[in-house]
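Peer 1: Handing you this structure, nothing more for now.
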Amino acid sequence: MKLTRNPVIASVFGAGSVAGFLDSGCQLCILANVSLHELEGLLQQLDRAGKFTFINMDACSGLGQDRGAVEYLKKIGTQGVVSTKTAMIQRANNLNMVTMQKVFVTDRSNLPRSAAALEQSKPHLVQVMPWPVIAHLTEGEKRSLSPFVAAGFIRTGSDVATALRAGAKGISTSANELWDQAGHQPS
């Protein structure tokens, strides 16, 4: 995956933000808050530009928990999906899509439940939110959430470097000034 060359995944909210992403050096995005009728055209546009696109199923109306949503996304050319829902990740895995399961770590008590869900769904990547919590996890806890992408409150280049040093394979951010951090690895 393109994360080795560019650890930044753009969080693109709405069709109006796609142009800014296309103008950036960033190669991966998570597309959210897009209406169902716009989705196929946007995916084609992003694909023509050589961009890898994850669709955030939980943040696009008309997808959510619908059983046919993953099949629809595959049919229109979606390369990857993001969801908090284990069943959606499992369906996408069965269709050979790249999967990222979103996990909210609000306190240590929800870590075992999250780890069990990840063991069941086997996503390719885990989006851990909010990223500052990573500094408070043990190495074993990080392994149970790996490979992970840090997300939430990443605002500076220093945040990117810190998250990568903490073990993140990448970061996702809506801060478009970070989308051009292509290939900038921490020292």
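The values are calculated or read from the model by the stated rules, or taken from the named source; none is laboratory data. A quick note: this is a predicted structure, and the numbers were derived from the prediction, not measured. Note that we place each Cβ from the backbone using ideal geometry, even for glycine, and neighbour counts take in every protein chain shown. Only protein heavy atoms, including side chains, enter the accessible area calculation; ligands, DNA and RNA are left aside. Shrake-Rupley method; radii C 1.70, N 1.55, O 1.52, S 1.80 Å.
Peer 1: Report, by residue number, each residue of the stretch 56-75 that is open to solvent by less than 30 Å² (accessible area, probe 1.4 Å) and on the phi > 0 side of the Ramachandran plot.
Peer 2: Scanning the stretch 56-75 gives a single hit, GLY64.
Peer 1: Given the criteria open to solvent by 40 Å² or more (accessible area, probe 1.4 Å), more than 23 Å from ILE154 (Cβ to Cβ) and under 18 Å from the mean Cα position of the chain (by Cα), does ASP47 qualify?
Peer 2: Yes.
Peer 1: Here is a check on your reading of the model: is ASN110 in a helix (DSSP H, G or I) and at pLDDT 95 or above?
Peer 2: In short, no.
Peer 1: If you don't mind, another one. Which residue, of THR78, THR84, THR53, is crowded, with 17+ Cβ neighbours inside 10 Å and within 20 Å of PRO7 (Cα to Cα)?
Peer 2: None of the other options fit; the residue is THR53.
Peer 1: Kindly evaluate SER61 against the criterion of being touching a Ser or Thr at 6+ places or on another chain (Cβ under 8 Å) and over 22 Å from ASP159 (Cα atoms).
Peer 2: yes
Peer 1: Separate question: In contact with a Gly (Cβ under 8 Å, 6 or more places away or on another chain) and among the charged types (D, E, K, R): does that describe GLU40?
Peer 2: yes
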